[in-house]
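Quick notes on the structure that follows.
The values are calculated or read from the model by the stated rules, or taken from the named source; none is laboratory data. As the structure is a computational prediction, the values presented were derived from the model and not from experiment. When we count neighbours, we look across all protein chains shown, and the Cβ atoms used for this are built from the backbone with ideal geometry, even at glycine.
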Amino acid sequence: MDYAWQRYNQWLTSASIDLDTKAELEAIKNNEEEINERFGRQLVFGTGGLRGIVGAGLNRMNIYTVGLATQAYAIFLRKHGLGDRGVVLSCDSRNSSKAFLQEAAAVLIGNDIPVFVYQRISPTPLLSFGVRHCQADGGIMITASHNPAEYNGYKAYCSKGIQLLPEPSNEISLIMEGLVLEDIKRVEQPTEHPLWNWLDEEVYQAYYRQVEKLAPARDDQDLTVSVLYTPLHGTGGGFVPQVLKNAGFVNVDYVQEQLEPDGNFPTVTVPNPEEISAFDIALQYTKQKQYDLVIATDPDADRVGVVVWTGEQYVLLSGNQVGVLLADYLLQTLPQERLTNGFMIKTVVSTEMVVPIAKDYGVEVFDTLTGFKYIGAQIEALQQQGKNFIFGFEESCGYLTGDFVRDKDAVLASLLIVQMAAYYKAQGKTLLQRLEELMIKYGFYVERLHSYSFASASDVERVANFIEQLRQKRLTDIGGFPIKTFKDYLNGLAFDLETGIELALEFPKENVLQWETKVGDRITLRPSGTEPKMKLYLAIVESSYDSAIAKLELLEAASNAMIDQGLSLK
């Protein structure tokens, strides 16, 4: 608490802090818990960069933490001989995003680093595209992705348009921890500075041309496929309609209440297209008109969720199911030269169902850790070996194909999903019918995700202790299901419990534990890198849907009991 009080008082007395922020801090001067929460630790780069509640404090998103992060990023760039080619900046529709972007630009310019700034709020994939298009040394995206309205965040990118990997992220975090507010170099009126450069409409058109080249209109699609789209008050509304129109889809309607960008997200609880609740208003539209599919993108348009009409009801597809369908669709429709020496990438918590499908086309599937930065880095590494990238995805509704973006892209994915639905509609099928065909052929894969949220620093510490206990214990069974393999990604080791053999895992180090049963089912635990959460991933494969669900529920109950007992939640 001494550290928290010291930093609290530094902010309260600093000439660098504005009066409104000081007033917010004065209001909590008698609240020890709140001061400790805001100043007991500092925001650090996690799985998706910096992310936190907007407010005053070191553990909050504000212009000062943005300034500290950007100063650390600038020092990092200069230390590695970078920066002269500039940094691309963009932001989404969240509250304070434009102010945070301008502060980041002011600090970069203060460090003599040129900036290239999108003229309007733009999706995260456009930031990745812009870095590559401008041949810049890096990028910064101001966004908190699909988090609730009170959050904002900061993603930093390398020159390949890939979010920074742990090694550079950790280096920047260490630099940031050693800085105080007075270390920040910034200029006033950055938009008037010669190092400020606007990215105009030409960049957007260049992106559209790449999308059109990658996913051209096809004769085997039914362009009358009916679509309802919502951007959930985010950036997608300025881009998804355009790519659908360019591709010839005219039977597209929009959720009017959610078209306008609004950082308060007034019509949704959480703007997360993984959740069926994000589709509440859209599904009201379906009572007046039937649609083949309903799609929603999150605020920074890097994730897309899909609801499909089965002929009887609307069903939300999981990220794994959409990933399988897109993988299968691309394998069917891409020219053979694209498949030769081809590869796909998924995360270790995403479905294994794509593996046998890809094998039938002679395509390899590689695993990465959770986080699309790992997929982007793997794409680069494998392409250098002469392999052809076909598709990458993660279970949290993130998808990518092509060579012009290196982050998940919901604008491109939305087009591919609509094209895929049009392809099967021309054959008299729905997306669910195609998925059923694939399951009959390859097995019934079912997955489920549980998230555990924690409110305090002590809760987070308890989770860390629990994970460490599991790491040391090496469970031989979970709920009576015998474990064959235990993988500890933090220490980079896999243990075969039947033979006693230990093998090295060829992955970056990350705090993830995974158990695989003797029949190939998987249980994975992963503390979040950006939020006070822990996630449990369950994956089952069986010969029928009913048997898969029955086993999933047994394994789910056993896993939850283990976690509740370990965390003393009950």
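Per-structure values
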{"quantity": "Breaking point among (1) touching a helix residue (DSSP H, G or I) at 6+ places or on another chain (Cβ under 7 Å); (2) of a type in the set (K, R); (3) surrounded by 19 or more Cβ atoms within 10 Å (Cβ to Cβ), for R462", "calculated": "(3)"}
{"quantity": "1 or more residues not assigned by TED's automatic domain parsing to the domain that holds G153: qualifying helices (runs of 4 or more DSSP H) within the stretch 1-101", "calculated": "2-13, 19-26, 32-39"}
{"quantity": "Meets criteria (modelled with pLDDT of 95 or more and either among the acidic types (D, E) or surrounded by fewer than 17 Cβ atoms within 10 Å (Cβ to Cβ) (or both)) for R60", "calculated": "no"}
{"quantity": "Every residue from the stretch 498-516 that is surrounded by fewer than 16 Cβ atoms within 10 Å (Cβ to Cβ), in a strand (DSSP E or B) and out of contact with any Gly (no Cβ under 9 Å at 6 or more places or on another chain)", "calculated": "E502, L503"}
{"quantity": "From the options V411, V418, V405, residue that is over 19 Å from F129 (Cβ atoms) and at pLDDT 95 or above", "calculated": "V418"}
{"quantity": "Filtered residues of the stretch 137-154 (kept if surrounded by fewer than 24 Cβ atoms within 10 Å (Cβ to Cβ) and either among the acidic types (D, E) or over 19 Å from V270 (Cα atoms) (or both))", "calculated": "D137, E150"}
{"quantity": "Members of the stretch 130-151 that are assigned to a loop (DSSP other than H, G, I, E, B), in contact with a Lys or Arg (Cβ under 8 Å, 6 or more places away or on another chain) and not β-branched (V, I, T)", "calculated": "Q135, A136, D137, A144, S145, H146, N147, A149"}
{"quantity": "Matching residues, the stretch 42-55, being of a type in the set (A, V, I, L, M, F, W, C) and buried (at least 24 other Cβ atoms within 10 Å of the Cβ)", "calculated": "L43, F45, L50"}
{"quantity": "Residue among Y73, Y3 that alone is modelled with pLDDT under 95, within 21 Å of V180 (Cβ to Cβ) and among the hydroxyl-bearing types (S, T, Y)", "calculated": "Y3"}
{"quantity": "Filtered residue count, the stretch 391-403, keeping only those that are in contact with a helix residue (DSSP H, G or I) (Cβ under 6 Å, 6 or more places away or on another chain) and not aromatic (F, W, Y)", "calculated": "6"}
{"quantity": "Unmet criterion (only one of (1) farther than 19 Å from H450 by Cα; (2) surrounded by 16 or more Cβ atoms within 10 Å (Cβ to Cβ); (3) modelled with pLDDT of 95 or more) for Y537", "calculated": "(1)"}
{"quantity": "Residue count, the stretch 314-366 (criterion: surrounded by fewer than 24 Cβ atoms within 10 Å (Cβ to Cβ) and farther than 15 Å from G398 by Cβ)", "calculated": "31"}
{"quantity": "The stretch 269-286, residues that are part of a helix (DSSP H, G or I) and hydroxyl-bearing (S, T, Y)", "calculated": "S277, Y285"}
{"quantity": "Residues being closer than 30 Å to R218 by Cα and either among the aromatic types (F, W, Y) or under 20 Å from the mean Cα position of the chain (by Cα) (or both) - total across the stretch 239-291", "calculated": "9"}
{"quantity": "Matching residues, the stretch 102-129, being in a helix (DSSP H, G or I) and within 20 Å of the chain's Cα centre (by Cα)", "calculated": "T124, P125, L126, L127, S128, F129"}
{"quantity": "Leading residue by the ranking (modelled with the lowest pLDDT) among those in the stretch 452-497 that are touching a strand residue (DSSP E or B) at 6+ places or on another chain (Cβ under 9 Å) and in a loop (DSSP other than H, G, I, E, B)", "calculated": "F454"}
{"quantity": "Filtered residues of the stretch 312-360 (kept if polar (S, T, N, Q) and either touching a residue at least 24 places away in the same chain (Cβ under 8 Å) or part of a helix (DSSP H, G or I) (or both))", "calculated": "S318, N320, Q321, Q332, T333, Q336, T340, N341, T347, S350, T351"}
{"quantity": "Only one of M420, M439 that is buried (at least 17 other Cβ atoms within 10 Å of the Cβ), touching a residue at least 60 places away in the same chain (Cβ under 8 Å), over 30 Å from I162 (Cβ atoms) and not acidic (D, E)", "calculated": "M439"}
{"quantity": "Single residue of T191, T230 found to be among the hydroxyl-bearing types (S, T, Y) and under 16 Å from V411 (Cβ atoms)", "calculated": "T230"}
{"quantity": "Matching entry among Q135, Q163, Q189 (being touching a helix residue (DSSP H, G or I) at 6+ places or on another chain (Cβ under 9 Å) and more than 25 Å from H233 (Cβ to Cβ))", "calculated": "Q189"}
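Okay, residues lined up against (1) closer than 26 Å to Q332 by Cα; (2) in a loop (DSSP other than H, G, I, E, B):
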residue: V203; (1), (2): no, no
residue: T224; (1), (2): yes, yes
residue: L232; (1), (2): no, yes
residue: V250; (1), (2): yes, yes
residue: T267; (1), (2): no, yes
